[in-house]
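Single-structure report; data block below.
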Amino acid sequence: QVQLVESGGGLVQPGGSLRLSCAASGFSISGNAMNWYRQAPGKERELVAASSSSGARTYPNSVKGRFTISRDNVKNTVYLQMNSLKPEDTAVYSCYAPRWVKWGQGTQVTVSS
């Protein structure tokens with residue numbers, strides 16, 4: 001059974017950092033694309049980081065230079081390191097495995113003073 005479980009969200013002040021984790025089970029992330037998305041209230045879901053099957057990483061301009069996607073194939077976990085957080089980064093963050101069309105349950109990130 002394919003499952004994705006996110007963790008690491010929370011409340012952080014502007015300028016702070018958080019690292020989100022996405023633990024996968026039922027399949028190996030090795031050699032498979034994995035993505036992070038976010039959705040803020042009243043807004044469409046937005047891709048914030050993509051890691052292709054070959055390891056290439058892409059980001060939208062809104063987070064480029066601040067967010068980094070990485071993976072630990074031994075732990076079967078994908079990470080999203082978020083630095084220099086802004087209030088507009090507030091959203092529910094979810095990981096996604098395109099090959100299985102599988103979403104995690106999401107984790108809330110709130111950036112506020």
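Neighbours of residue 31 by Cβ distance under 12 Å: Lys/Arg scored +1, Asp/Glu scored -1, total +2. Less than 5 angstrom separates the built amide H of residue 85 from those of 15, 16, all sequence-distant by 5 or more or on a different chain. Note on the chain: dipole from Cβ charges, positive end direction compared against 109, 52, 3; the farthest Cα belongs to 52.
Using a cut-off of 13 Å between beta-carbons, work out the net charge of the residues near residue 4 (Lys and Arg +1, Asp and Glu -1, residue 4 not included). Neighbour charge sum, excluding residue 4 itself: +2. Fully extending the segment from residue 3 to residue 43, taken as 0.36 nm per residue of separation minus the present Cα-Cα distance, adds 11.8 nm.
Normalising the average separation of contacting C-alpha pairs (under 8 angstrom, six or more residues apart) by the number of residues puts the relative contact order of the stretch 1-112 at 37 percent. A Förster radius of 22 Å combined with the Cβ-Cβ distance from residue 17 to residue 62 puts the calculated FRET efficiency at roughly 0.85.
From the square roots a ≥ b ≥ c of the eigenvalues of the alpha-carbon gyration tensor of the stretch 1-61, which class results: rounded (a/c under 1.5), prolate (a/b over b/c), or oblate? Here the stretch 1-61 falls in the prolate category. Sorted on the mean count of surrounding Cβ atoms within 10 Å across their residues, most packed first, peptides 91-104, 3-16 read 91-104, 3-16.
As a fraction of the 1.4 Å probe accessible area of the chain, surface on carbon and sulfur atoms comes out at 47 percent. Note that the chain presents 52 Å² accessible area per residue, ligands and nucleic acids not counted, probe 1.4 Å.
The values are calculated or read from the model by the stated rules, or taken from the named source; none is laboratory data. All values reported here derive from a predicted model rather than from experimental measurement. Neighbour counts run over all protein chains shown; Cβ positions are idealised from the backbone, glycine included. Note: areas computed on protein heavy atoms with side chains; ligands, DNA, RNA excluded. Shrake-Rupley method; radii C 1.70, N 1.55, O 1.52, S 1.80 Å.
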